[in-house]
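Values in this text are rule-based calculations from the coordinates and carry no lab data. For clarity, every value in this text was computed on a predicted model and none was experimentally measured. Ideal geometry is used to build each Cβ from the backbone, glycine not excepted, and the neighbour counts take in all protein chains shown.
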Amino acid sequence: MVKRAVKNTLGIHRVGLMLYLGDLPIRVGGFHPLGTNEIIINRRLMKSPLDVRGKANIFTLLLHEYLHSLGYIDEREVRALTHQISAENFGNDHPVTRAAVVGPWPDVDMEEYGDTVEDMNLELIRDFERVESHYII
């Protein structure tokens with residue numbers, strides 16, 4: 001859905017991404033190491049119930065990092081694009097568009113988490129993106 005929304009609004013996409021869940025500091029939603037095909041999302045922010053709001057938060061985190069993977073580096077620009085893409089594809093009153101503004105943090109009990117993370121404990125999400133094409137490298 002993230003790729004479809006970006007393609008719909010910006011007319012661009014990319015393939016071959018790998019998704020990892022990791023234990024990141026609670027203030028970090030995720031990150032995309034520049035020059036890689038990796039997206040790392042904070043596992044600790046995904047513990048909210050997977051109701052509509054929880055799914056909206058996950059969509060927003062993935063959208064934000066996907067935009068970074070497309071070459072958008074500036075955080076302000078990525079936040080604005082995340083909101084624009086969400087509003088254009090879901091409408092202004094949709095939970096995804098609201099999550100694009102506030103992020104997942106209102107749903108997190110900040111006292112529950114210490115902010116020190118010694119190991120990210122990265123977990124690869126298998127079959128995150130199935131590529132239908134064959135490539136010659």
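If you take the charge dipole of the chain about its Cα centre, with +1 on Lys and Arg Cβ and -1 on Asp and Glu Cβ, which of Ile26, His83, Thr36 is farthest toward its positive end?
Of Ile26, His83, Thr36, it is His83.
Kyte-Doolittle mean at least 0.5 and Cα extent at least 24 Å along the axis: which DSSP H helices of the chain qualify?
For the chain, where a helix must reach 24 Å along its axis and average at least 0.5, there are no hits.
With each label point set 7 Å from Cα along the Cα-Cβ vector, what nm distance links Leu122 and Glu77?
Placing both labels 7 Å along Cα→Cβ, they lie 2.5 nm apart.
Gain in length, Leu70 to Thr9, computed as 0.36 nm per residue apart minus the alpha-carbon separation, to one decimal in nm?
Gain on extension, Leu70 to Thr9, equals 20.6 nm.
Counting other C-beta atoms within 10 Å, which of Ile41, Ile125 has the fewest, and how do the rest follow?
Ile125, Ile41
Could you pull out every residue, at least 5 positions away or on a different chain, whose amide H is within less than 5 Å of the one on Met120? Hs are placed 1.01 Å off N in the peptide plane, and Pro or chain starts have none.
Residues meeting the amide H criterion: none.
Where a ≥ b ≥ c are the square roots of the eigenvalues of the C-alpha gyration tensor, would you call the range 1-57 rounded, which needs a/c under 1.5, or, failing that, prolate if a/b is larger than b/c, or oblate?
oblate
In the range 2-125, what percentage of the DSSP-assigned beta bridges are antiparallel, given to the nearest 5?
In the range 2-125, DSSP labels about 50 percent of beta bridges as antiparallel.
Give the shape of the chain as rounded, prolate or oblate, defined through the alpha-carbon gyration tensor: a ≥ b ≥ c are the square roots of its eigenvalues, a/c under 1.5 means rounded, and otherwise the shape is prolate if a/b is larger than b/c and oblate if not.
oblate
For Glu88 and Leu34, compute 0.36 nm times the residue count separating them, minus their Cα-Cα distance, and round to one decimal in nm.
Extending this stretch completely gives an extra 16.7 nm.
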